[in-house]
Amino acid sequence: MSVSVEFIMTGLFVFALAGFLGFETIRRVPRLLHTPLMALTNALSAISLVGSIVVLGGQYTAYTTILGFVAVIASMINVVGGFLITDKMLKMFKPREKPKKPEPAEAEAAS
Amino acid sequence: MSNFLPMAASFFPDPSTDTGLYIVISLLYLAGAIGFVLSLKWMSDAKTARKGIFAGEIGFVLAIIGTLLLPVITTTGYIYIAVAMLIGAAIGVPLGLLVPMTAMPQRIALSHAFGALAAGLVGIAKFYSSQPDINWFVMAVLGIEITLGALVFTGSLMAAGKLQEVKWLAQRPIVFPLQKTLNFAVLGLAVICVVILAVDPAQVWAIPVIVLAGLAFGVLLIIPIGGADMPTVIALLNAYAGIAAALLGFVLENNLLIVAGALDGMSGLILSIIMCRAMNRSFRNVLFGAFGATEAEWGDQEVGSIRSASFDEAGEILKNSRLVVIVPGYGMAVAQAQHKVRELADTLEKEGVEVKYAIHPVAGRMPGHMNVLLAEANVPYEQLLDMEEINPEFPQVDVVLVLGANDVVNPAARHDQKSPIYGMPILDVDKAASIMVVKRSMRPGFAGVENELFFNEKTLMVFGDAKDVMGELITEISGNRDSINV
């Protein structure tokens, strides 16, 4: 049984709407954070891990199992490495140090 | 290839017999997709960005749980999956924690390669396990997906190699006769094979041809590209990798893959457009890989006289100003001077001088790279200003300190139509009261263009290695009064 054309059409809906949502959301990411953004989307697109898991776990042929094995490793590198590196970068972005540490409410009032 | 179970179109359990599981898995995937969107939404502010990572991670965990619940996975399959995931995680941790920030562009390029590799391999496995029973439309999608996966794989490896300055890989753009013809021929070969497969999916031989053509095209695409174009190329490969993941979602009937791929593709697209604008290149040029070296015909140029300043003169001027804007370029990062730069800024602030940083979009080697490098040196992010924010402020600025930046501050981009950088948006540093340029020598920048800013009567040149110069200036400014250890 092959993929249905029906799904492809549903998929196009999902793709188009996710694309618009992505455009409007990502447009708002400041240039300051563009490198972490790239690292994060990289981790997110490693969701091909889902497909890789099925190919490997489904045990179709020896051939597809090998392909699946390499694919799971490759996408897992991106998941783990991608999230870790994004977090490492974002930790470095610090606001200006306040001379004394006021309560959050006070800081609101002061600014 | 006949005595095995063909891979089902959808890996989902049958909704009519296994309703409960079907609903659970679908909802887990939906929650995963929502987590991904939230993670990007929270990236819009440095204050919420780390929360965004958390949302993304939760989304991932849910998606993986949903996938492991799929009934197609066999018992031995689980063991293989566990082993492969452990190996991947073991490689991923050092890649996530040990890579220095200056190496971030090649690190990101490398991860595009891994992502494309996974997408491509899954596509190929899908083909072999379901052919020849493949609908023509699905086959076309699958063919494009495999081509993209292959070309992003080699393209990203090439980009990573060039950025890492691997010895056997030429850094300079390589241009040869009939280059574009060859590129289009290779890509055309892949397209023809995709068409053949769409007509008759039994033509199994066409898949290796597609893979090889895709791999070759990826290499050919990066060969003519020089260092200055790398930020655009990385963003573009990012977009391609996202599209490949989304196409895989179509083939595997998986909406979550489509959503994540679309988000990644859109992010890459937006970043490519921003990079193109910042370098004044048409997006169409970049999309078809027709960028690369515009050979600069730079003949005789009127070279004026320059004024240079000693460290104590420069220090005196900086100390007596109200507002100093620092313009960092990649040269500063190469010299590893960012920490010294921040120390200088601290010293100036102690003297009551306000300090800001002006970040051109292509200041680093990938979108946003310079911000990360300065954040690493503990520069508060409020001080990092985009080109659009800082440009109107330059007339009020007392001193602009240009550090290792060149083309992005060259006023020729505004008025000299013969200049190869004409039309490129620049930081209007020449509108400031005075300009100080720290430079090793009078060597031209990336585009090979002489910079008329250096000959401006308001400009003072301070020659030397950026790091050393910063150290000298700090000593001059903090002076004999208090001894700050530098």
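The values are calculated or read from the model by the stated rules, or taken from the named source; none is laboratory data. Keep in mind the model is a prediction, meaning the values are calculated, not measured. All Cβ positions, glycine included, derive from the backbone under ideal geometry; neighbour counts span all protein chains shown. Note: accessible area is taken over every heavy atom of the protein model, side chains too, but ligands, DNA and RNA are not part of it. Shrake-Rupley method; radii C 1.70, N 1.55, O 1.52, S 1.80 Å.
Numbers for the structure displayed
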| quantity | calculated |
| --- | --- |
| Rounded tilt (10° steps) of B:136-164 against the dominant C-alpha axis of chain B | 30 |
| Residue mean of other protein chain beta carbons inside 10 Å, B:270-279 | 2 |
| B:HIS339 paired with B:TYR422, simple spin-label distance in nm, labels 7 Å along Cα-to-beta-carbon | 4.5 |
| Average beta carbon contacts from partner chains per residue of B:357-367, 10 Å cutoff | 2 |
| Euclidean distance between Cα centres, the stretch A:10-45 to the stretch B:331-386, Å | 27 |
| log₁₀ of I(q)/I(0) at q = 0.22, 0.24 Å⁻¹ - the stretch B:188-238, Debye sum with one point per alpha carbon | -0.78, -0.84 |
| Neighbouring partner chain Cβ atoms per residue of B:31-37, average, 10 Å criterion | 3 |
| Cα-Cα P(r), the stretch B:1-113, percent of pairs per 5 Å interval | 2, 10, 12, 14, 20, 16, 11, 8, 5, 2, 1, 0 |
| Extended-chain gain in nm, criterion 0.36 nm per residue less alpha-carbon gap, B:SER310 and B:PHE463 | 54.2 nm |
| Cβ crowding within 10 Å averaged over residues, with B:161-169, B:401-409, A:86-94 ranked highest first | B:401-409, A:86-94, B:161-169 |
| Solvent-accessible heavy-atom area per residue, rounded to whole Å², over chain B at 1.4 Å | 41 |
| Residue-count net charge about B:LYS467 - beta-carbon cut-off 14 Å; Lys, Arg +1, Asp, Glu -1 | 0 |
| Loop-located trypsin sites (Lys or Arg not before Pro) in the stretch A:1-84 whose Cβ has at most 13 other Cβ within 10 Å (DSSP) | A:ARG27, A:ARG28 |
| Backbone HN-Hα couplings from phi across the stretch B:343-351 [Karplus 6.51/-1.76/1.60, Hz, Gly and Pro as x] | 4, 4, 4, 4, 4, 5, 5, 5, 7 |
| Equivalent-ellipsoid semi-axes of the protein assembly as shown, from the Cα gyration tensor, Å, largest first | 48, 28, 18 |
| At 0.890 mPa s and 25 °C, Stokes D of the stretch B:341-450 from Kirkwood alpha-carbon radius, µm² per second | 165 |
| Under the Karplus curve 6.51 cos²θ - 1.76 cosθ + 1.60, θ = phi - 60°, whole-Hz ³J(HN,Hα) for the stretch A:90-95, x wherever Gly or Pro sits | 5, 4, 6, 6, 10, x |
| Burial ranking of peptide ranges B:472-478, B:411-417 (average Cβ count within 10 Å, highest at the top) | B:472-478, B:411-417 |
| FRET efficiency, B:ALA185 to B:LEU27 (Cβ-Cβ, R0 56 Å, nearest 0.05) | 0.70 |
| Added length on full extension, which subtracts the Cα-Cα distance from 0.36 nm per residue, B:ILE174 to B:THR74 | 31.1 nm |
| Estimated [θ] at 222 nm from DSSP helical runs (n ≥ 4, -39500 (n - 2.57)) normalised by residues in chain B, nearest 500 | -18000 deg cm²/dmol |
| Per-pair calculated FRET efficiency, R0 = 45 Å: B:VAL93 and B:ASP14 via Cβ, rounded to 0.05 | 0.70 |
| Cα-only radius of gyration and Dmax that characterise chain B, units Å | 26.4, 86 |
| Mean Cβ neighbour count within 10 Å, used as a protection proxy, ranking B:364-371, B:333-340 highest first | B:364-371, B:333-340 |
| Counted charge near A:LEU49, where neighbours are those whose Cβ lies closer than 14 Å (Asp, Glu -1; Lys, Arg +1) | -2 |
| Shape call, the stretch A:1-73: gyration tensor on alpha carbons, a/c limit 1.5 | oblate |
| Note, ³J(HN,Hα) from phi for the stretch A:53-69, Karplus 6.51, -1.76, 1.60, rounded to Hz, x at Gly and Pro | 4, 5, 4, 6, x, x, 6, 7, 10, 4, 4, 5, 5, 4, 4, x, 4 |
| Rounded Å value of the spacing that divides the Cα centres of the stretch B:216-278 and the stretch B:74-148 | 15 |
